[in-house]
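A.B. asks: First the structure, which I've put down as structure tokens, then a few questions once you've had a look.
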Amino acid sequence: MPLKLVRPKGTPNWYIRGTVKGCSIYESTGLSDKRQAEITRARREAELIDQALFGKQAVTTFAQAALTYIEAGGETKFLGRIIAFFGPDRLVSSIDMGAVNACARSLYPTAAPATINRQVIVPISAVMNMHFAAQNKRAPRFARRREPKGRFRWLTPEEAERLIAAASALTLPRHAEPERFTLQKIAFLLGSGCRTGEAFAATVEDWNPVTRQWWIPATATGAGKTEGAARFVDLPERAVTLIDELPTEGRAFRTAYGKDIVLREGGGGQMGASFKTAREAAGLGPDVTPHTLRHTWATWYYAQTRDFGGLMDRGGWLKADTANRYRKIAPADLAHRLLAHGWDFRGKSVDLPEVQPAKRRIRSVK
């Protein structure tokens, strides 16, 4: 029989009693107001019907499913804001493309399609896939935003030298001498290919000046994607020279005022203001961001080494999809132009072939 409200003698509260799809219940609503109790009864009946039709996932909240995913070792970087958006009571069974789009609009109203894919659709899909797989059911599929297929923005050696020169001359208000902390971060990012969060978390104790290698643990909050991204990065001599002196202990790279950079989940913009100043002084546009230096390193490294395995290992990519793009975008003379500016990523075992300028014949058209 359908669920109905009853109020036993001796209690002010209404109880729900009845059977739905073979499930019998008799439980208190905890409410003495009949109108509010009726709302609770209707919601409870809907839950029981959903559970009977769709199984356990119908009464599991997204927050519960996300916790299970996290406890199993899933990526947590962007999930906190998503869980907060859906709240503690949003059921997994109610998450559809409309809910995903609403989440994206609320959390990242002006973000590019790539950001929406990476920070909303991918983490929600990961939680849903694990949850439904445990029920031996197929998870709903959420369409990713179409990303423009324009070329990656990376800096030519000449553009990078302008940025370095501008960063070398940066001064703070009421300070006569240039601050060197912005230059250090730019040099490290250009020479290592690290993500900005990884650079902010790098410690002096993990730097080996003899081998010019830096251990990137990728485990601190805001410092990387997953523990699988932990790796050694090799710095070319030019980057080491630009970085120059480091603190004696602790975090290697500081704010423009020499303070520790506060790590935060989903961060990366902590050097945005000083970088913008240097970028504008170098005559570069707003399409150049600190993350552009990671694209730049990857383009430079592969142009000189042709070492795709090294590109993936040093760049901290677990999948080849993104890294593979850097195999196609560099001009033929880039490796030699880099050497002319002192950037050498090759190591001792790699010899660069001589590049002959292309001969072009111009045919007149009558």
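A.B. asks: Counting only residues that are outside any helix (DSSP H, G or I) and either over 22 Å from residue 173 (Cα atoms) or of a type in the set (A, V, I, L, M) (or both), how many does region 243-282 have?
C.D. replies: 20
A.B. asks: Closer than 19 Å to residue 198 by Cβ and surrounded by 20 or more Cβ atoms within 10 Å (Cβ to Cβ): is that true of residue 279 in this structure?
C.D. replies: No: the conditions fail for residue 279.
A.B. asks: Further question: Only one of (1) within 20 Å of the chain's Cα centre (by Cα); (2) modelled with pLDDT of 90 or more fails for residue 265. Which number is that?
C.D. replies: Unmet condition: (2).
A.B. asks: Taking only region 105-125 into account, find how many residues are of a type in the set (A, V, I, L, M, F, W, C), within 12 Å of the chain's Cα centre (by Cα) and crowded, with 17+ Cβ neighbours inside 10 Å.
C.D. replies: Let us first name the residues in region 105-125 that are of a type in the set (A, V, I, L, M, F, W, C), namely 107, 111-112, 114, 116, 120-122, 124.
From what's left, within 12 Å of the chain's Cα centre (by Cα): 114, 116, 120, 122.
After this cut, where a residue has to be crowded, with 17+ Cβ neighbours inside 10 Å as well, the list is 116, 120.
Residues that pass the stated criteria total 2.
A.B. asks: What are the pairs, 6+ residues apart or on separate chains, where a residue within region 302-323 that is more than 12 Å from residue 193 (Cβ to Cβ) and not assigned by TED's automatic domain parsing to the domain that holds residue 234 has its Cβ under 7 Å from a residue that is at pLDDT 85 or above and surrounded by fewer than 16 Cβ atoms within 10 Å (Cβ to Cβ)?
C.D. replies: none
A.B. asks: Mind checking which pairs have a first residue in region 2-22 that is farther than 12 Å from residue 34 by Cβ and assigned to a loop (DSSP other than H, G, I, E, B) and a second that is among the basic types (Lys, Arg) and modelled with pLDDT under 85, Cβ under 8 Å, 6 or more apart or different chains?
C.D. replies: 3/41; 3/44
A.B. asks: Would you be able to tell me the number of residues in region 8-36 that are surrounded by 14 or more Cβ atoms within 10 Å (Cβ to Cβ) and either assigned by TED's automatic domain parsing to the domain that holds residue 90 or under 23 Å from residue 94 (Cβ atoms) (or both)?
C.D. replies: Total meeting the criteria: 4.
A.B. asks: Turning to a different aspect of this structure: Are any residues in region 165-196 of a type in the set (Val, Ile, Thr) and free of Cβ contacts under 8 Å to residues at least 24 places away in the same chain, and if so, which ones?
C.D. replies: Listed by number, the list holds a single entry, 171.
A.B. asks: Just name the residue that is farthest from the chain's Cα centre (by Cα) out of those in region 126-156 that are surrounded by fewer than 18 Cβ atoms within 10 Å (Cβ to Cβ) and assigned to a helix (DSSP H, G or I).
C.D. replies: Restricting to residues being surrounded by fewer than 18 Cβ atoms within 10 Å (Cβ to Cβ) and assigned to a helix (DSSP H, G or I), the top hit is 134.
The values are calculated or read from the model by the stated rules, or taken from the named source; none is laboratory data. Everything quoted here is computed from the prediction, not taken from an experiment. Neighbour counts are summed over all protein chains in view; Cβ atoms, including those assigned to glycine, are modelled from backbone coordinates with ideal geometry.
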